[in-house]
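To start, the structure itself, in structure tokens.
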Amino acid sequence: MFIKFCLIQFSIFNFQFSIHLRYIAYFCQPAKPQPNKHRIMQITYYGHSCFSVVIKGKHLLFDPFITHNELAKKIDVNNIKADYILQSHGHADHIADTVGIAKRTGAKVIAAYEIHEWLNKQGVENTHPMNTGGKWNFGEFTVKCVVAHHSSGLPDGSYGGNPLGFVITSEEGDFYYAGDTALTLDMQLVPRWGKLKFALLPIGDNFTMDAADAVEASNMIKCDQVIGMHYDTFGFIKIDREKTLQIFKEAGKTLMLPGIGETIDL
Ligand code: NI
Ligand code: MN
């Protein structure tokens with residue numbers, strides 16, 4: 001009887017305890033891991049069309065032009081990290097710091113075939129040649145080279161091949177770096193290759209699209225989160241900031257104009 005009583009007591013106690021544990025387990029369970037596509041990506045602006053985007057710990061640097069950019073004086077080019085440099089085209093305002101950063105960091109430079117050859121002649125050996133329409137899986141991300149309507153001479157007058165835009169796809173999200181380009185119907189193809197989280201689009205006019213065209217581009221690429229680039233650096237591309245922001249606002253879109261050196265999480 002005594003044993004039975006103890007057992008009952010014990011089992012009741014055990015029952016209550018297990019309920020209790022279940023409650024604790026319910027409230028303490030870790031948050032469900034978010035699908036990778038919703039992970040935050042870190043984007044740093046270095047002025048003009050130069051950005052760094054971190055994917056799986058790798059730093060992707062786009063079109064480095066810092067040393068000769070008056071507006072980017074406070075940026076120390078020697079502190080910029082790069083595992084990859086993505087070169088949209090050969091113009092000096094996109095490639096001026098590529099050789100220096102590539103040599104210092106050993107970053108792999110992804111560029112049009114002709115720019116890859118030119119870089120090899122400058123002593124940059126870690127290069128990956130591509131061309132319009134091609135894609136390559138670099139492990140942490142895939143690059144699809146898309147049409148950019150522009151030109152692409154190199155600073156010494158060498159032929160730079162076709163200018164490129166890049167659709168980057170990764171487990172952490174997809175985005176589009178347009179490079180220097182006009183608004184072009186080719187942009188309608190971009191959603192086939194990536195579900196864009198954000199897009200880096202030129203807005204400075206004169207050499208590229210203006211803000212109104214960039215709004216149209218954002219319709220074509222099906223992406224309402226735009227980061228502006230290629231504006232204000234020199235006289236021909238100075239923008240009216242308020243007017244530019246208004247154009248996007250009226251279209252129901254977000255235009256982000258981060259300060260030089262600023263990092264945003266998207
Ligand atoms: Ni250009
Ligand atoms: Mn340019």
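With no solvent and one equal point scatterer per Cα, compute the Debye intensity ratio I(q)/I(0) for segment 150-209 at 0.19, 0.24, 0.26 Å⁻¹ and report its log10, rounded to two decimals. Here the Debye-derived log intensity ratios amount to -0.77, -1.02, -1.10.
Where nothing but the Cβ of Lys and Arg (+1) and of Asp and Glu (-1) is charged, how large is the charge dipole of segment 39-265 around its Cα centre, in debye to the nearest 20? Write out the running numbers ahead of the final one.
Numbers: 21 positive and 27 negative charges, 118 e Å.
Here the size comes out at about 560 debye.
Bridgeable lysines around residue 222 (alpha carbons under 26 Å apart, same-chain partners fewer than 8 residues away excluded): 37, 56, 135, 144, 195, 197, 243, 249, 253. The residues packed around residue 266, meaning those with a beta-carbon under 11 Å from its beta-carbon, carry a net charge of 0 if Lys and Arg are +1 and Asp and Glu are -1.
Using just the alpha carbons, could you tell me how many Å³ per residue the convex hull of segment 62-187 encloses? Working shown, then result.
Working: hull volume 14.0 nm³, N = 126.
Cα-based convex hull of segment 62-187, divided per residue, equals 111 Å³.
The protection proxy used here, the mean number of other Cβ atoms lying within 10 Å of each residue, ranks peptides 134-141, 221-228 as follows, highest first: 221-228, 134-141.
Which shape class applies to segment 52-122: rounded if a/c is under 1.5, otherwise prolate when a/b exceeds b/c and oblate if not, where a ≥ b ≥ c are the square roots of the Cα gyration tensor eigenvalues? Taking the square roots of the gyration eigenvalues as a ≥ b ≥ c, segment 52-122 is oblate. Distance between the C-alpha centres of segment 37-103 and segment 217-245: 18 Å, rounded to the whole angstrom. Of the peptides 56-62, 242-248, the ranking by mean beta-carbon count within 10 Å, highest at the top, reads 56-62, 242-248.
Take 266, 185 and order them by how many other Cβ atoms sit within 10 Å, fewest up front. Walk me through the numbers on the way to the answer.
Working: 266 14, 185 9.
The order, fewest Cβ neighbours first, is 185, 266.
Between rounded, prolate and oblate, where does segment 44-91 land on the alpha carbon gyration tensor, with a ≥ b ≥ c its root eigenvalues, rounded for a/c under 1.5, else prolate if a/b exceeds b/c? Note, shape of segment 44-91 comes out oblate. Mean projected area of the convex hull spanned by the Cα atoms of the chain, taken over all viewing directions: 19.8 nm².
Values quoted throughout were computed directly from the atomic coordinates according to the rules given, and no laboratory measurement underlies them. These numbers were taken from a predicted model, which means no experiment stands behind them. When we count neighbours, we look across all protein chains shown, and the Cβ atoms used for this are built from the backbone with ideal geometry, even at glycine.
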